[in-house]
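Notes follow once the structure below has been shown.
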Amino acid sequence: MRPLLCTLLVILGGLGCARIYRPVTLAPPPATLQGADLSGQLVLQPWGDNSRYERKALQANLRVLVLTVENSTATDLEILRLELPEATAALRPEAAVKLVKQPSLAYLLYPVLPGLAALGASDRGGFGPSDRALLQGFAILGACIGVPNAIIATRSNRHLEAFFREQAWSPGTLGANQTRRGLVFLRSPDPYAPLPLQLVYRGPGGERRLPLIGPGARPL
C-alpha cells in the first residue's frame, strides 16, 4: 500500500496550485497605422502576470492579437471579415478560453483519489497508523487544498473569459474618422511565425483588402 501512497502523491503533485488571474488591459494602440482609406495593424496582446495561461496558449498554437483599424475617410466603411492563410483558424472567445483555462475540476482529485483508495485499504495497523487511516488523512488534507484551488481556478477562468468576450473584435460598420480596437484569437501551426492575412472591407468603390501581418508569439 505504501507504493500506492507514493503514486498518489506524484499524481496530485503534478497538478500544482491554481493561479489567480491578474487583470490586463489591451495592448497600447500603435503610434502609426498602415493603409490609405482604411488603416490597420496587429500587435500581440500581453498576458501580464498570467504565465500559466500564456504557456498553455503557446502549447495550443494560439496567439491572441489586438487588431486596430482606423477609417480616415469622410464616409462609413463596412468591415467584412479577416481572410486567413491555409491551416489558420479564427476562434471565438469561448473557444480560445477552453484552450488555455485551468483544469478546475482536476483539483477535486486531491480528496477524491485518497478517499477512494481508503475504501479498499487495510485498517490493521502494525507500526504506526494503518493504511486506511493514512489515506483518510490524505483525503481530509486534500479537501483543504483541492477545494480552494478549484474555486480559484474557476473564478480565474471566468475572469479571463469575461475579458476575452468584452474585448473581442467584431466586423461591422466603421464610421467616418472612427477607430476600432479588439482582440482576435488565431490558431495556426506555428504561433511563433509571422502570420500574413487580409482585412476585407467595403467602401464607395466596392470591396477592397488591407494586407496585415500578425506578429509571432514571443518564446517563454
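The values are calculated or read from the model by the stated rules, or taken from the named source; none is laboratory data. Here the structure is a predicted model, which is why all the values come from computation and not from measurement. Cβ: placed from backbone, ideal geometry, glycine included. Neighbour counts: every protein chain shown. Side chains are part of the model used for accessible areas, which takes the heavy atoms of the whole protein and leaves out ligands, DNA and RNA. Shrake-Rupley method; radii C 1.70, N 1.55, O 1.52, S 1.80 Å.
Could you figure out which of (1) farther than 16 Å from ARG81 by Cβ; (2) open to solvent by 70 Å² or more (accessible area, probe 1.4 Å); (3) at pLDDT 95 or above; (4) hydroxyl-bearing (Ser, Thr, Tyr) isn't true of SER156?
It is condition (2) that SER156 fails.
Out of the residues in the stretch 37-76 meeting the condition of being of a type outside the set (S, T, N, Q) and part of a helix (DSSP H, G or I), tell me which one is surrounded by the fewest Cβ atoms within 10 Å (Cβ to Cβ).
Restricting to residues being of a type outside the set (S, T, N, Q) and part of a helix (DSSP H, G or I), the top hit is ARG55.
Within the stretch 126-136, work out how many residues are open to solvent by 40 Å² or more (accessible area, probe 1.4 Å) and without any contact (Cβ under 8 Å) to a residue 60 or more places away in the chain.
7
Can ALA90 be described as open to solvent by 50 Å² or more (accessible area, probe 1.4 Å), aliphatic (A, V, I, L, M) and within 24 Å of PHE185 (Cβ to Cβ)?
It is true that ALA90 is open to solvent by 50 Å² or more (accessible area, probe 1.4 Å), aliphatic (A, V, I, L, M) and within 24 Å of PHE185 (Cβ to Cβ).
GLU166: open to solvent by 20 Å² or more (accessible area, probe 1.4 Å), closer than 18 Å to GLU78 by Cα and of a type in the set (Asp, Glu), yes or no?
No, not satisfied.
Of the residues GLY172, GLY182, GLY146, GLY120, which is open to solvent by less than 50 Å² (accessible area, probe 1.4 Å), out of contact with any Gly (no Cβ under 8 Å at 6 or more places or on another chain) and at pLDDT below 90?
Checking each option against the conditions leaves just GLY146.
Any residue at all in the stretch 77-86 that is surrounded by fewer than 18 Cβ atoms within 10 Å (Cβ to Cβ), modelled with pLDDT under 95 and among the acidic types (Asp, Glu)?
yes
Quick test of your reading of the structure: ALA139 fulfils all but one of (1) open to solvent by 30 Å² or more (accessible area, probe 1.4 Å); (2) hydrophobic (A, V, I, L, M, F, W, C); (3) at pLDDT below 80. Name the failing condition by number.
With (1) open to solvent by 30 Å² or more (accessible area, probe 1.4 Å); (2) hydrophobic (A, V, I, L, M, F, W, C); (3) at pLDDT below 80 applied to ALA139, the lone miss is (1).
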